[in-house]
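Colleague: Structure in structure tokens, see below.
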Amino acid sequence: MLDELAVDEAVRQCDVVIHLAAAVGVKLIVEQPLYSLTTNIRGAISVLQAAHRYRRKVLVTSTSEIYGKNGAGPLSETADRILGSPAVSRWAYSTSKAVDEILAYAYHRERDLPTIVVRLFNTVGPRQSPAYGMVIPRLVRQALAGEDLTVYGDGSQTRCFCHVSDAVEALIGLLDEPRAEGDVFNVGSSEEISIGELASRIIERTESSSRIVHVPYDVAYESGFEDMARRVPDTTKINQLIGWTPKRNLDDILDDVIAEVRAEQAGDATR
Ligand code: UDP
């Protein structure tokens with residue numbers, strides 16, 4: 001993505017551009033803020049410039065992190081951003097993705113480029129790496145390995161998890177809808193669960209004998225780390241435009257991830 005010649009060549013050869021590449025995962029953002037900012041901002045500029053050069057429709061994926069600490073829920077696309085200091089890496093990440101969005105809107109307004117922005121809320125599912133700290137791939141692996149499940153903070157923070165297959169259907173549906181151009185859409189599930197309950201659900205569905213341990217945020221991430229207490233999307237806008245709503249619930253997601261990790265561990269055992 002930062003290789004402008006490679007981006008130019010790829011965009012030249014395709015019909016539409018779906019810009020998914022980014023530095024993601026709170027753990028990665030906190031550990032490597034400079035890399036994350038450069039990747040997200042320079043990468044988006046490079047993709048949008050190439051899309052403009054070849055007049056390709058481009059869908060830019062953004063994030064629910066945009067809303068920062070706005071814990072009111074459900075959050076509609078026009079909800080306020082409530083951020084802490086830019087000295088806190090998490091808010092710097094939120095700002096980098098806001099810059100990506102602003103670039104997409106500006107290319108649409110000032111250069112007439114067909115752009116669409118999608119804010120993804122906790123997209124999860126098979127093949128999500130545990131390497132960047134995301135909760136479901138981590139807790140499922142811990143449960144299946146018989147290790148303690150690490151719940152950060154008191155576990156009362158809530159999230160809504162959306163199956164990656166549902167998210168993909170949303171992106172494709174928006175790309176097929178000309179009225180989506182120049183606009184922004186939330187994509188996520190409305191099934192809200194606390195992380196403490198999520199850990200218990202994972203233990204139950206894996207029939208694991210693991211225990212749940214609580215890890216303070218400043219040990220899990222860094223001192224001064226701030227988490228979002230709640231993050232629930234309002235998806236009325238995409239639903240009204242293209243009729244999208246998630247088809248898979250949290251149990252479907254957990255079953256898919258558990259099956260994948262079991263297969264991976266069985267493969268490791270026979271190797
Ligand atoms: N989390 C946790 N244990 C872990 C990893 C994450 O309790 O091993 C928490 C994290 O603090 C957050 C929630 O799970 O409150 C979702 O984290 P994730 O990184 O998956 O997504 P986020 O919503 O933070 O972008």
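Rule-based calculations on the coordinates, nothing more; no lab input. Since this is a predicted model, take the numbers as computed values, not measurements. Quick reminder, even Gly has a Cβ in these numbers, built from the backbone with ideal geometry, and neighbours come from all protein chains shown.
Colleague: To the nearest 20 Debye, how big is the dipole of region 1-143 about its Cα centre, given +1 on the beta carbon of each Lys and Arg and -1 on that of each Asp and Glu? Intermediate results must be reported in sequence, preceding the final value.
Modeller: Values: 17 positive and 13 negative charges, 62 e Å.
For region 1-143, the charge dipole is close to 300 debye.
Colleague: What residues qualify as long-range amide H neighbours of Thr123, i.e. H under 5 Å apart, gap of 5 or more or another chain, H built at 1.01 Å from N?
Modeller: Sorted by chain and number, the residues that satisfy this are Cys162.
Colleague: Report the relative contact order of the chain, percent, no decimals, based on alpha-carbon pairs under 8 angstrom and at least 6 residues apart.
Modeller: 22 percent
Colleague: I would also like to ask the following. Would you mind computing the Rg to Rh ratio of the chain from its alpha-carbon coordinates, Kirkwood style for Rh? Display every interim value, and only then the final one.
Modeller: Numbers: Rg = 19.0 Å, Rh = 19.5 Å.
On the Cα set of the chain, Rg over Rh gives 0.97.
Colleague: Which FRET efficiency value, to the nearest 0.05, do you get for Ser190 and Asp15 by plugging their Cβ-Cβ distance into 1/(1 + (r/R0)^6) with R0 = 35 Å? Kindly include the intermediate steps, with their values, before the conclusion.
Modeller: Numbers: r = 32 Å, r/R0 = 0.93.
That gives a FRET efficiency of 0.60.
Colleague: I've got another one for you. May I ask you to list the lysines whose Cα is less than 18 Å away from that of Lys247, ignoring any residue fewer than eight positions away on the same chain?
Modeller: Straight-line reach from Lys247, under 18 Å: Lys237.
Colleague: Here's another thing I want to ask about it. When DSSP beta bridges are limited to those with both residues in the chain, what percentage is antiparallel, rounded to the nearest 5?
Modeller: 10 percent
Colleague: Please give, to one decimal in nm, the separation of the simple spin-label points placed at Lys27 and Ala72, each 7 Å out from Cα toward the Cβ.
Modeller: Placing both labels 7 Å beyond Cα along the Cβ direction yields 3.4 nm.
Colleague: What is region 92-174's relative contact order, in percent, from Cα pairs under 8 angstrom and six or more apart in sequence? Don't skip to the end; give the middle numbers.
Modeller: Values: 41 pairs, mean separation 26.3, N = 83.
It comes to 32 percent, rounded to a whole number.
Colleague: Check every DSSP H run in the chain and write down those whose alpha carbon atoms cover 20 angstrom or more along the long axis and whose mean Kyte-Doolittle hydropathy is -0.5 or greater.
Modeller: Working: long enough: 33-54 (31 Å, 0.15); 89-111 (32 Å, -0.84); 250-270 (30 Å, -0.07).
Helices meeting the criterion: 33-54, 250-270.
Colleague: When the scattering of region 1-160 is computed by the Debye formula from its Cα atoms alone, each counted once and equally, what is log10 I(q)/I(0) at q = 0.08, 0.10, 0.16, 0.20 Å⁻¹?
Modeller: Debye curve over Cα of region 1-160, log10 I(q)/I(0) at q = 0.08, 0.10, 0.16, 0.20 Å⁻¹: -0.27, -0.42, -0.99, -1.34.
Colleague: Then there's this: Contour minus end-to-end for Arg109 and Asp3, with contour as 0.36 nm per residue of separation and end-to-end as the Cα-Cα distance?
Modeller: Fully extending the segment from Arg109 to Asp3 adds 35.5 nm.
Colleague: Next question. Quick one: putting +1 on the C-beta of Lys and Arg, -1 on the C-beta of Asp and Glu, what dipole do you get for the chain around its Cα centre, in Debye to the nearest 20? Let's see the in-between values first.
Modeller: On the way: 29 positive and 39 negative charges, 83 e Å.
Here the chain has a charge dipole of around 400 debye.
Colleague: Just want to confirm a number: the relative contact order over region 27-145, from Cα pairs under 8 angstrom separated by 6+ residues, in percent.
Modeller: Over region 27-145, the number comes to 34 percent.
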